Amino acid sequence: MTRVKSPLDIARAAYKPKLPLALQGAVALKEGAATQSVANQEEIKALFPNTYGMPVLEFVKGEATTNRPINVGVILSGGQAPGGHNVMSGLFDGLKSIHPDSKLYGFLGGPSGLVDHNYQELTAEIIDEFRNTGGFDIIGSGRTKLEEVEQFEKGLIIAKKLGLSAVVIIGGDDSNTNACILAEYYAAKNTGIQVIGCPKTIDGDLKNDMIEVSFGFDTACKVYSELIGNIQRDANSAKKYWHFIRLMGRSASHIALECALQTQANVCIVSEEVAEKKQTIADVVNTIAESIVTRGNAGLNFGTVLIPEGLLEFIPEVKGLIAELNDMLAHNEVEFKTLKMDEEQHAYVMAKLSPVNATIFKSLPLFIAKQLTLDRDSHGNVQVSLIETEKMLMDMVKTRLDGLKKEGKYTGKFGSLGHFFGYEGRCASPSNFDADYCYSLGYNASLLINAGKTGYMSIVRNPYLPTEQWISGGVPITSMMNMERRHGKMVPVIQKALVKLDGAPFKFLESKRKEWASANPNYVYPGPIQYFGPTEVCDQRNHTLRLESEAKK
Ligand code: FBP
């Protein structure tokens with residue numbers, strides 16, 4: 001059955017993503033200095049003897065060469081992010097420009113597709129259907145962790161059968177950690193199968209000196225900011241609700257911060273700051289209540305509060321509780337699951353926890369306590385998207401305001417509504433920035449493969465500048481790694497990039513906070529992403545990228 005296309009789908013299909021100047025034609029490879037991992041150099045070097053210490057790579061203009069056809073398998077891993085389809089179309093076009101007989105295979109449903117040999121050849125017809133569209137539906141995604149030798153071996157069988165030169169893994173920090181382990185395994189065994197990663201995640205936490213932004217962040221933030229702007233206009237019209245808006249971002253608060261910069265919301269909680277200042281839940285409640293009191297006493301009984309999805313894990317008292325819960329539930333999973341939900345499970349957890357954590361657990365609203373014990377994801381993370389922190393804060397803020405009212409310090413009226421924005425933005429049609437950036441990442445990945453590289457992440461630098469000035473190449477994944485404790489064991493992982501409290505975006509928010517929380521805010525209504533029109537409207541970069549890039553000058 002043919003898919004019914006929206007007018008935007010049809011118009012967007014004709015969009016030609018822009019490539020960096022250096023990639024428009026034949027390329028040559030320039031090698032930079034050798035790299036080392038961000039920390040734990042000796043341990044990482046010992047674990048990755050074949051892929052450690054490689055140089056940073058840059059593509060520059062070169063001479064045309066004769067190439068052989070290349071077959072490549074591609075995997076979409078983890079949460080959806082706008083632009084994934086463009087990574088694939090860039091990869092496809094790159095492979096075809098290397099040799100028209102090259103083939104691209106998509107492994108279906110994420111990394112498990114490689115292990116279970118579920119795949120489909122991606123023909124020009126299929127790729128054309130998905131150019132510049134959002135979503136990962138071209139082949140689907142999944143969260144299976146690639147970590148066992150048995151999985152690598154099964155992958156090898158299908159790679160050999162399809163004559164693959166390389167596997168491209170489009171994923172976040174955990175998926176690219178797995179890509180690195182796979183690359184090392186295949187290199188150590190001399191299989192000739194290369195592995196290349198691409199930096200995906202709306203969360204924006206796969207970021208470092210070489211990767212200024214992960215793809216999808218720009219579009220997702222623009223979608224959420226449009227919604228927040230609309231809510232602010234509604235709030236400013238009806239003047240009767242405080243909107244508590246939780247925003248995706250499993251760990252880092254990059255999304256909440258960027259949306260605050262785009263919309264000038266009244267309050268934006270930043271988890272990293274909460275952790276740094278060792279704040280309690282009561283402190284967070286007070287921060288929010290303060291703005292509500294200031295505005296309420298001035299007759300303004302409405303406003304917006306942005307809450308990062310991962311907040312609870314950053315509140316030191318709750319973090320300790322979650323760590324103990326993770327271990328306890330992992331060890332008692334079977335028994336725990338036989339218990340009746342709610343009371344039985346709650347009592348069971350209370351009995352198993354240390355006294356300190358049992359007290360904290362008991363103090364949480366029942367629905368939050370229950371949500372904290374839900375199944376972990378395949379990487380052992382709490383599924384923060386299922387924890388309704390905004391509702392918890394709405395309740396607690398109300399209690400606090402009732403108290404302040406009794407003390408005669410608050411004269412306003414408090415009505416609140418909760419929202420969670422996450423899935424709304426993950427599959428949006430990519431902004432022009434993400435469409436170009438992703439296409440370039442994919443095209444660039446094909447060139448890394450053609451150059452015989454493995455264990456590299458495809459990178460495109462200077463994304464704040466116009467596309468033609470972007471610099472593309474590769475960075476060894478081992479250079480982003482450090483050792484971290486996971487499931488009670490020290491393992492090599494890509495270091496997650498949290499919001500830097502001395503970074504320009506947070507500093508800017510900090511300088512504006514008082515003003516935005518006050519009775520006289522100046523809401524910004526960003527409106528929808530524009531795909532056609534003047535460049536200052538359509539090609540605008542996000543504030544995080546702008547502020548960080550200006551700070552570098
Ligand atoms: P990735 O880290 O895989 O890119 O996913 C990010 C994310 O969208 C988080 O913001 C969110 O917490 C999580 O995925 C939700 O996961 P799921 O799609 O499994 O519900």
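The values are calculated or read from the model by the stated rules, or taken from the named source; none is laboratory data. The shown structure was predicted, so the numbers you read here are calculated from the model rather than taken from an experiment. Here the Cβ positions follow ideal geometry from the backbone for every residue, glycine too, while neighbour counts run over all protein chains shown.
Some notes on this structure:
- Candidates I459, I449: the one that is assigned to a strand (DSSP E or B) and in contact with a strand residue (DSSP E or B) (Cβ under 9 Å, 6 or more places away or on another chain) is I459.
- Hits in region 198-216 - residues which are in contact with a Lys or Arg (Cβ under 7 Å, 6 or more places away or on another chain), assigned to a loop (DSSP other than H, G, I, E, B) and not aliphatic (A, V, I, L, M): D203, D205, E212, S214, G216
- Pair list, Cβ < 7 Å and 6+ apart or interchain, from region 346-368 residues that are under 20 Å from E313 (Cβ atoms) to residues that are of a type in the set (F, W, Y): V349/F361; L353/F361
- Scanning region 349-400 for residues that are among the small types (G, A, S) and assigned to a helix (DSSP H, G or I) returns A351, A358, S363, A369, S385.
- Some residue of region 537-552 being part of a helix (DSSP H, G or I), of a type in the set (D, E, K, R) and touching a residue at least 60 places away in the same chain (Cβ under 8 Å): yes
- Of the numbered criteria (1) away from the ligand (no atom under 16 Å from the Cβ); (2) hydrophobic (A, V, I, L, M, F, W, C); (3) outside any helix (DSSP H, G or I); (4) surrounded by 24 or more Cβ atoms within 10 Å (Cβ to Cβ), the one A33 fails is (4).
- Counting only strands (runs of 3 or more DSSP E) wholly contained in region 40-143, the ones carrying 2 or more residues that are at pLDDT 95 or above and within 16 Å of the ligand (Cβ to nearest atom) occupy 71-76.
- For region 217-312, the helices (runs of 4 or more DSSP H) that sit wholly inside it and include 3 or more residues that are more than 28 Å from Y531 (Cβ to Cβ) and of a type in the set (A, V, I, L, M) are 281-297.
- Scanning region 180-233 for residues that are more than 16 Å from the ligand (Cβ to nearest atom) and β-branched (V, I, T) yields I181, T191, I193, V195, I196, I228, I231.
- So L95, is it within 26 Å of the chain's Cα centre (by Cα), touching a residue at least 40 places away in the same chain (Cβ under 8 Å) and closer than 16 Å to A166 by Cα: no
- Single unsatisfied condition, L441 versus (1) more than 16 Å from the ligand (Cβ to nearest atom); (2) more than 30 Å from I307 (Cα to Cα); (3) among the aliphatic types (A, V, I, L, M); (4) buried (at least 18 other Cβ atoms within 10 Å of the Cβ): (1)
- Residue match in region 260-279 (condition: farther than 16 Å from E515 by Cα, of a type in the set (S, T, N, Q) and away from the ligand (no atom under 16 Å from the Cβ)): yes
- Counting the residues of region 422-437 that are more than 14 Å from the ligand (Cβ to nearest atom) and in a helix (DSSP H, G or I) gives 5.
- When region 409-438 is limited to residues that are closer than 22 Å to Y464 by Cα and aliphatic (A, V, I, L, M), the one that is surrounded by the most Cβ atoms within 10 Å (Cβ to Cβ) turns out to be A435.
- Screening N50 on (1) more than 24 Å from G474 (Cα to Cα); (2) more than 28 Å from the chain's Cα centre (by Cα) shows it passes everything except condition (1).
- Only one entry of I459, I449 meets the criterion of being within 18 Å of the chain's Cα centre (by Cα), touching a residue at least 60 places away in the same chain (Cβ under 8 Å), more than 16 Å from the ligand (Cβ to nearest atom) and more than 18 Å from R546 (Cα to Cα), and that entry is I459.
- Test: residue in region 278-290 that is within 30 Å of K405 (Cα to Cα), in contact with an Asp or Glu (Cβ under 7 Å, 6 or more places away or on another chain) and surrounded by 19 or more Cβ atoms within 10 Å (Cβ to Cβ): no
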